[in-house]
1. Could you tell me the calculated FRET efficiency between Arg194 and Ala156, based on Cβ-Cβ distance and R0 = 22 angstrom, to the nearest 0.05?
2. Between Leu140 and residues 5 or more places away or on another chain, which pairs have amide H atoms under 5 Å apart, with H built 1.01 Å from N, and which residues are they?
3. Using the basic label-point model (7 angstrom from Cα toward the beta carbon), what is the Glu93 to Ser78 distance in nanometres?
4. What ³J(HN,Hα) values, in whole Hz, does the Karplus curve 6.51 cos²θ - 1.76 cosθ + 1.60 give for the stretch 128-136 when θ = phi - 60°, with x put for Gly and Pro?
5. Sort 130-138, 162-170 by the packing proxy (mean of other Cβ within 10 Å over each peptide's residues), most packed first.
6. What's the ranking of 197-203, 26-32 by average number of surrounding C-beta atoms within 10 Å, highest first?
7. How far is it, in nm, from the label point at Glu65 to the one at Ala45 when both lie 7 Å from their Cα along the line to the Cβ?
8. On full extension of the chain, what length is gained from Arg38 through Ala179, given 0.36 nm per residue of separation minus the C-alpha to C-alpha distance?
Amino acid sequence: RRAMMTEAGPRVVRDDGGAGDRVRLGDAFDVMEDQAKRRHKGVVAQAWDAHAVRCAEAAAAGKREPVWHAPAFVPPVSPGQVQVGRDYAALTERVSASGLKCSSLEAQRAGGSGGGDREEAMLRDIQQLRVFHARIGHGLAKEVRRIRPGGLKRRAIWVRVLVDQVCIGGMTLSQVLEAHGWAVDRQSCDALRRALCGALDRMRGYDLARPAN
């Protein structure tokens, strides 16, 4: 905020650079995309160096220089997957903050008391959260296969835990691996990313569309 002088006197206004209500706190998805963009810059630099070598070789041979095609950036998590992850986090926060249980709300309706608009909205939220949990499933994202050389045991990473730690806990894939005793490497991160994206797609209902026999 900053103070500015107006015809009516001094006034405090918000100086947000024109972003307005679009300003929000960054989450794990933002961090992972920023990390991917930094890695992509290195990939582009390597590709440019290789292109420069090919151009020099072509010039020496009297041939036409090859056309430069910069590698396209592909975000680690698609916008639709990010959105359902953020919706899931907001929904979980609302349900947790309400302090209400679905069983008590359903008993209220069965007893004929009905409840107000707030109770109806909370019941819909809880039921939607149940749907998300069912679609996430109870599978393993990373299975334990051996004990680390240092003697520290690795723990299995369940898909539901992975989704909760990323979407709600704000943890990156590397942090999830570290929290479960796994070494952080590209192969493990890619495996977790595929498991996370698969769960987010199921939450979006992509697995519900099946071809008819």
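1. Working from the Cβ atoms, E equals 0.85.
2. Answer set, sorted by chain and number: Val159.
3. Each label point is offset 7 Å from its Cα along the Cβ direction, giving 2.6 nm.
4. Along the stretch 128-136, the couplings run 5, 5, 4, 5, 4, 4, 5, 6, 5 Hz.
5. 162-170, 130-138
6. Packing order, densest peptide first, comes out as 197-203, 26-32.
7. 2.1 nm
8. Details: separation 141, 0.36 × 141 = 50.76 nm, distance 2.37 nm.
Full extension of this stretch gives 48.4 nm more.
Quick note: the coordinates plus some simple rules give every number you see, no bench work behind them. Owing to the predicted nature of the structure, the values given are computational and were not obtained by experimental measurement. All Cβ positions, glycine included, derive from the backbone under ideal geometry; neighbour counts span all protein chains shown.
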